[in-house]
Structure formats: C-alpha cells, structure tokens
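The structure under discussion appears below in the form of structure tokens.
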Amino acid sequence: MPDPLQSQELVARWRAGDQDAARQLFDRYVDRLVALVRRRIGTRLARRVDPEDVVQSVFRTVFGRLREGQFHIREQDDLCKLLMRVTVHKALRQVEFHGAEKRDMAREAPQGEKPLEQLMGVLDREPRPEAVVAFVDELEQFLSQLGPLERQVVELRLQGHGNEDVARQLGVIDRRVRRVVERVRCLAGQQDLLGP
C-alpha cells in the first residue's frame, strides 16, 4: 500500500507543475486501475474497450481537476479512493455505451469485401505535402519534450516494433515499455495531439 502522505506530497507537487510527480502517481496506481477496469468490463467487451485507454482518461480527468483545485486530498487514502471511484464510473459508462441496443455486439454484421476495399482505398491515399510537413513539425516538437528512454520507445514504436521487441532492443522489461507508452499517450493527450 502506498504511503498516503507521500501521495499527498506528490499531489501538491503536481499542482505546482511537477511532471515527475504525475509520473510517480501514475506508476503507483496504474496497474491496480487497469485490473479494476478489466474486472468491470468483462471479457466480451474487452474486444472493444481497452482498459488502459480508460485508465488514461481517468488520469487526465483527475490530474486536470487536481490542478484546478476541484479535488482536495485530505485523508490518508483520498487519492486512491478518488482514482478508484472515477475508474469505476468511466468503466461503467463504457459498459453502458457499448451495451446500448444500437451498439450491441450481438447485432454486429460481419464486414464484407466492399467496406474493406473502401477502407483500403482511404488508407492508400497519400497525404498532402503541407499536411506531412505540419505533422513532422508537431512530432519533432513533441519528441523534444521527452526523456531519452521515452524518445527511444516512441521512435521504435513508430517504426512498427511491438512492446516486447522494443523492450528487448532497449534491454528493459516489457512492463516498463508499456508504462512509457502510457505516459507518452497521457502527455500527448494533454497537448491535444491525439484529440479527445
């Protein structure tokens, strides 16, 4: 169990703008929250909902509201309770959303050749040169904000390597690579690079 006073100190540091405090809080609670989401959504819905995406949304919400002063961490386990409560809420909203009659997985029709051909046609199109330049500039600026390990992981992932391959190449464990990927996703989300 994490030291609650340390969590309170990390929250105070995060409010003051310390990104390392956010990373420490993320690392402290991420595995527990992902496991909680997995239990709530079940195996059938897991094909549609990525538990790690739900947890990223939880951290974006909680970190944003902590910084704005909307949440107050006074008691020893307030942060843990808050993260758990927000996680359960977001997981249940996903279950409700995907369980709606119009999105019921049992009603899904198999994809035929025509939709697949249409998708491949869209994916085969080349982007306009100005869009490529804008993307590369934005990517360079984003990468410059990352630490050395984070940058190496992102570059290898952009080259098409999976987490296990990245871990092997960098001499780290797969779990560390996954956490780096999640932190980078979180940072990218805070900068609106990936959208809502």
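The values are calculated or read from the model by the stated rules, or taken from the named source; none is laboratory data. Worth saying up front: this structure is predicted, and the values here are computed from it rather than measured. Every residue, glycine as well, gets a Cβ built from its backbone with ideal geometry; the counts of neighbours run over all protein chains shown.
Which pairs turn up if I take residues in region 52-76 that are in the same structural domain as Leu10 (by TED's automatic domain parsing) and look for partners that are among the polar types (S, T, N, Q) and not in a helix (DSSP H, G or I) with beta carbon separation below 6 Å, at least 6 apart in sequence or on another chain?
Final answer for the pair search is none.
Within region 32-54, work out how many residues are of a type in the set (Val, Ile, Thr) and touching an Asp or Glu at 6+ places or on another chain (Cβ under 9 Å).
So the first thing to find is which residues in region 32-54 are of a type in the set (Val, Ile, Thr), and the list is 34, 37, 41, 43, 49, 54.
Retained after the next criterion (residues that are touching an Asp or Glu at 6+ places or on another chain (Cβ under 9 Å)): 34, 37.
Adding up the residues that qualify gives 2.
When you scan region 58-74, how many residues do you find that are crowded, with 17+ Cβ neighbours inside 10 Å and small (Gly, Ala, Ser)?
Within region 58-74, residues that are crowded, with 17+ Cβ neighbours inside 10 Å and small (Gly, Ala, Ser) number 0.
Consider only pairs whose beta carbons are under 9 Å apart and that are at least six residues apart or on different chains; among these, list those whose first residue lies in region 162-181 and is of a type in the set (Val, Ile, Thr) and whose second residue is surrounded by fewer than 13 Cβ atoms within 10 Å (Cβ to Cβ) and not in a loop (DSSP other than H, G, I, E, B).
Val177/Glu164
Take the residues in region 72-103 that are basic (Lys, Arg) and within 26 Å of Thr43 (Cβ to Cβ), then tell me which one is modelled with the highest pLDDT. Spell out how you get there, then give the answer.
Just the residues of region 72-103 that are basic (Lys, Arg), to begin with: 74, 81, 85, 90, 93, 102-103.
Restricting the remaining residues to those that are within 26 Å of Thr43 (Cβ to Cβ) gives 85, 90, 93, 102-103.
Numbers: Arg85: 88, Lys90: 84, Arg93: 83, Lys102: 54, Arg103: 50.
Per the stated criteria, the residue is Arg85.
Tally up the residues in region 1-31 that are out of contact with any Asp or Glu (no Cβ under 7 Å at 6 or more places or on another chain) and surrounded by 15 or more Cβ atoms within 10 Å (Cβ to Cβ), please.
Here the count works out to 16.
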